[in-house]
Every structure is written in C-alpha cells, then in structure tokens.
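> This is the structure I have questions about; it appears just below.
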Amino acid sequence: MEVGIRGYGAYIPRHRIRVEEIARVWGADAPTYKRGLGLREKSVPTPDQDVITMSVEAARHAIRRAGIDPAKIGAIYIGSESHPYAVKPSGTVVAEAIGATPEIHCADFEFACKAGSEGMFVALSLVKAGQMEFAMGIGADTSQGAPGDALEYSASAGSAAYIFASTQLVAVCEETYAFMTDTPDFWRREYQFYPRHGGRFTGEPAYFKHTLSCARGLMKKAKVKPKDLRWAVFHQPNGKFPAKAAEELGFTSDQYGQGLLSPTLGNTYSGASPLGLTAVLDVAKPGDRILMVSYGSGAGSDGFIWRVTDRITKVQKLAPQTRAQLEDRPIYVDYGTYAKFRGKIRKLTE
Amino acid sequence: MIGPVRYWREIPQRYRYEAARCSGCGKVFFPPRLVCNACRGREFKPVILPQAGTLETFTIIRVAPSGFEDQAPYAVGVVRLADSVKVTAQIVDCDLETLATGQKLRLEFRKVQQDGASGVLCYGYKFVPA
C-alpha cells in the first residue's frame, strides 16, 4: 500500500523585522551578520499568534487541499518547542477548531527543531500501519532567542501541516530514515525563558553531522543519488547551513533554492523543513522526487523521500501558497515593537 | 476575565463559527439562540458561517478595557459575512489610518484574551484584511 501526503498547508505571520534593526540596537555590524548567517529579515508573531493559532490556519489549508471530512482525521501530532501551555495540549485546540474531535488521538511532540518532522513521521507511520485513514502532522514554532544573542537574528514564527493518507495522494513517501545521537548543542532547561547553545559546536558535530549522515543514509537506503532528485529541503537555522549541507551532498542551488525560505523567513524551528517542503510542493510537477531532511538539536534528523503525483497540480492553488504568504504585504516593526510583541519587556505585575 | 467554563461553552462559535439556522423560517443566528425571533420556531440546525465578508462599520479603541491595554489602539468592526449574518470582532494586521468601510476581510484564528499570567488562554476569531 502506498502512503503519503494527501494535503498540505502553511501559515506565516505578516510581521517582519530586519537584521539591520536588531543589529542597530545591540551595536552589531549588520552586514557581517547578514553575510555570516545568510539572513535578511525574519517573521515576527504578534501577541495574539502562537503555535496553536498558526497550526489551526495551516491545518485548515491542508484540509482544503486534501478535500476530506476533518472528522475522519484519526490523529493530530504537533511538534514544537513553544507550545503555549506547559501543561495542556495544543493538539486538542487544533482538533476542536478544525472539527476533528472527539474520535481522534492527540499528542504534542518536542525535540528542538525536529519536532515537526517527528509528528509527520509518526502520523505517516500510523496510516501505513492501517490504524487510521487520515493522520495529521504539524510543525510550528514561535521561536525564542535571547536578546542580543546570535539566535535573535534568526528565531522566527511559522507552521506547516500535513495530512497523510493512502488515497488521492499528492506525494507518495518512497523512503524514510532517521539518524540520532546524544549531542548537547542547544537546549532550554525547565523554567528558563530562552534556550542556550554551544556556539560553533552547533555546526560540524551537530547540524552537519546529523543532516549529512541522515541524507546519505536515506539516499543509500532508497538507492538514489542527488541527480535522481528534483528537489532537496533541509532544516534551515539560517541561510548558510542548509546551502552548505546541500552542496556538500552534491545538490545544486536549483534543487535546494525553492525550499530555502530562511533568508527572508528566519528559523521557524519545528516549522522550518516542513515549511520548506510546502514551498516545494507549491511548484512541484508530477514525477518530481523530493528529499527532505530535518534537524533537531539534542540531536537528530528525520529523512523522507517523496514522489509527487499527478494530483499535485489540482491542489496547489486551493490554499495560500508559501512563498506568496512570505511576500504578502509584510508589516515591518522596529525593535521596540518586536520586544513588546515577544514579551521581552518586563512589566509591572499586580 | 473569562473563566474556563464559559470559554469552553463558547468553543463551537469561537473556534468553528457555528451558527444556528431556524428550521421554520431559515433565519441564521450567531451566536445560536433557543427561540427564533422571526417565527418563534424552536428547532435549529447548525450551520458554519462563511469566513469572509465586508466591513460595515468600525471604531478604534484607544482606551482599552482590562486585559486589552497592551493592544491599544486597535480596531473593532462589524463585518457582514457573505450572504449571512453580521459579526463583531477585532480587526488585526491592518493599517488603522487606511481602514475603511467596504473593505474585504476574512476570519483568522487568533488568541483573543488570556486570564492573567497563569489562567486559561482564550482562542477565537479576529478579522484580517483579505
């Protein structure tokens, strides 16, 4: 039985902040940051946007493309490191909002930036096992970055939702692979507001080791080479890492450019590679094969190879496309507004 | 501040825009009511409201009520949903200087309020420019 993606959806907030504006406040050299990180600006969630609201919007877009009765969705898994509640599921709100309750299994996943692909992996597997007709996996984050830290230039917001099924697919899953080790490159302890990271340690022994090993293991398992794949999507903590990983694997910018959203979106953490895949599906043609490799600190990567079907052209315009959302009337904010939106200003409490 | 029970009771309307259509005369009510004020019918069928409409009137809130102070100034408008009822809600992601009646808006799922730093988070609908 072939299983894969029947519907997909993306959601990107409209507010943005430019690298220059953050650098101005902290006395940093903006051109150095732009060049070093490969970023120009990032999305900013307003105080009324969080993982739950963005997941609902992405899920509704996915349902439109899937053309299904949401009551038949058997599971919703939301991967994020910024679930609005410490204790209370995000998934139940999303399930209720899209009309998928009460016969549904919900869980909130967490694995740094890999939580979204984790939800996709489990949802896909449940459909493959015949446990349910449809299952939804969502990756979403309103990422945190400490004021003045390098992460503040990239930590952004966005979400992507996928409905997995065995009928009327837009992309068949040809292969999956996962690569994990215990690598403490980035973490956030309980009750801490901002994450910490290992600086340069987040590069070679962390992002690159896991991303490259997962991609190589996946291609070996699937018996394919980069030239056999039309598109490649990687986790995108900045604009530089995914481009470097892609080229080291033998992919060209023509293959990885479409799914590389971070230069103007920033790092949407759990939403990053899932959102990149939505941008690729928006333009993919029947028969195209797509490699997708996520990365989550801690650390590990999930890998998928998708084969696009004829149905893709019928659904691409049924919901807002990802790059169109990225370019749709952005609202630029100054650092003060950004700090207020992100709760970085300590106010008097009653 | 809104408590969890009242919030929970309003979930069908706030999350899914569920209205009630009178089985007798077809009039749509949002939020639903027990007796139709047109034909006095008591039987209703649930109906999902259209999620786009036209701004009929609006105001800019500059002195906000408790819990909304940080959002001021913000817009609240009455929107006629396509061939259906009028709904009052906040309008966000818009330029307050150029907001105008007749503008096309659509519903989006947003956090509407929260009960302090430790209470329940309340989700629902707001309008955004279409």
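Every number in this text was worked out from the coordinates using simple rules, so none of it is lab data. Note that the coordinates shown come from a computational prediction; the quantities given were computed from them, not determined experimentally. Quick reminder, even Gly has a Cβ in these numbers, built from the backbone with ideal geometry, and neighbours come from all protein chains shown.
> Can you give the average number of partner chain beta-carbon atoms within 10 Å of each beta-carbon in peptide A:48-56, as a whole number?
Whole-number average of other-chain Cβ neighbours for A:48-56 is 5.
> Out of the range A:189-274, which GluC sites (Glu not before Pro) are coil in DSSP terms and have no more than 14 other C-beta atoms within 10 Å?
In loop regions of the range A:189-274 (DSSP not H, G, I, E or B), the sparsely surrounded GluC sites (Glu not before Pro) are A:E190.
> Hey, which of these cross-link pairs are over 25 Å Cα-Cα: A:K128/A:K223; A:K114/A:K221; A:K209/A:K240; A:K128/A:K227?
Cα-Cα > 25 Å for A:K128/A:K227; rest within.
> Taking a 26 Å limit on the Cα-Cα distance, which of the listed pairs A:K72/B:K45; A:K42/B:K126; A:K42/A:K285; A:K244/A:K314 fall beyond it?
In this structure, A:K42/A:K285; A:K244/A:K314 exceed 26 Å between Cα atoms.
> Here's something else I'd like to know. Determine ³J(HN,Hα), in whole Hz, for all residues of the range A:14-29 in sequence, where each value follows from phi through the Karplus function 6.51 cos²θ - 1.76 cosθ + 1.60 and θ = phi - 60°; x replaces Gly and Pro.
8, 7, 9, 10, 8, 4, 4, 5, 5, 4, 4, 5, 9, x, 8, 8
> Check the straight Cα-Cα distances from A:K34 and name the aspartates and glutamates below 13 Å, setting aside those fewer than 8 residues away within the same chain.
Filter leaves A:E20, A:E21, A:E152.
> Shifting gears a bit: What are the semi-axes of the equivalent ellipsoid of the range A:74-177, taken as the square roots of 5 times the eigenvalues of the Cα gyration tensor, listed largest first and rounded to whole Å?
Equivalent ellipsoid of the range A:74-177: 27, 17, 10 Å, largest first.
> Under the Karplus relation 6.51 cos²θ - 1.76 cosθ + 1.60, θ = phi - 60°, what is the ordered set of whole-Hz ³J(HN,Hα) values for the range B:45-51, x standing for Gly and Pro?
10, x, 9, 8, 5, x, 9
> Which residue, chosen from A:I17, B:A52, B:G67, occupies the Cα position most advanced towards the positive end of the dipole of the protein assembly as shown, where the dipole is computed from +1 (Lys, Arg) and -1 (Asp, Glu) charges on Cβ about the Cα centre?
B:A52
> Dipole size in debye (nearest 20) for chain B around its Cα centre, Lys and Arg Cβ +1, Asp and Glu Cβ -1?
Dipole size: approximately 700 debye.
> Next up: Compute and list, largest first, the equivalent-ellipsoid semi-axes of the range A:224-281 from the alpha carbon gyration tensor, each √(5λ) rounded to a whole angstrom.
Here the semi-axes work out to 18, 12, 9 Å.
> What residues qualify as long-range amide H neighbours of A:A135, i.e. H under 5 Å apart, gap of 5 or more or another chain, H built at 1.01 Å from N?
A:G74, A:F164
> Would you kindly enumerate the cysteines in chain B that have no other Cys beta-carbon under 4.7 Å from their beta-carbon?
If one checks each Cβ against the other cysteines of chain B, B:C94, B:C122 turn up with nothing under 4.7 Å.
> Then there is this: Summarise the long-distance tail of P(r) for chain A by giving the % of C-alpha pairs beyond 36 Å.
Roughly 13 percent, rounded to a whole number.
> Let me ask something else. Which loop trypsin sites (Lys or Arg not before Pro) in the range B:1-107, with loop taken from DSSP, have no more than 14 other Cβ atoms within 10 angstrom of their Cβ?
B:R33, B:R40, B:R42, B:R62
> In square nanometres, what is the average projected area of the Cα convex hull of the range B:1-68?
The directionally averaged projection comes out at 6.5 nm².
> Continuing with this model, one more query. Show me, for the range A:246-256, the HN-Hα J-couplings you get by feeding each phi into the Karplus relation (A = 6.51, B = -1.76, C = 1.60, θ = phi - 60°), rounded to Hz, glycine and proline as x.
4, 5, 5, 7, x, 8, 9, 5, 5, 8, 9
> Which chymotrypsin sites (Phe, Trp or Tyr not before Pro) in the range A:221-299 pass both tests, a DSSP loop state and at most 11 other beta-carbon atoms within 10 Å?
Passing sites in the range A:221-299 do not exist.
> Shifting gears a bit: Compute the distance from the alpha-carbon center of the range B:1-54 to that of the range A:60-125, in whole Å.
27
> Next question, about the same structure. What is the Cα coordinate range of the range A:173-312 on the first, second and third principal axes, sorted by size from largest, in whole angstrom?
48, 30, 24
> Run lengths n ≥ 4 of DSSP H only: what is the helix-derived mean residue ellipticity at 222 nm for chain A, with -39500 (n - 2.57) per run over all residues, to the nearest 500?
Helices in chain A give a 222 nm mean residue ellipticity of -9000 deg cm²/dmol.
> To continue, here is another question. Can you show me the helix-derived [θ] at 222 nm for chain B, built from DSSP H runs with n ≥ 4 at -39,500 (n - 2.57) apiece and divided by the number of residues, rounded to the nearest 500.
-2000 deg cm²/dmol
> Separate question: Let's test the formula: R0 of 51 Å, r as the Cβ-Cβ distance of A:K220 and B:S84. What FRET efficiency results, to the nearest 0.05?
0.35
> Which residues' amide hydrogens lie under 5 Å from the amide hydrogen of B:G24, considering only partners 5 or more residues apart or on another chain, with H built in the peptide plane?
B:E43
> Over the alpha carbons of chain B, what is the largest minus smallest coordinate on each principal axis, giving the biggest first in Å?
Here the Cα extents, ordered largest to smallest, are 45, 38, 21 Å.
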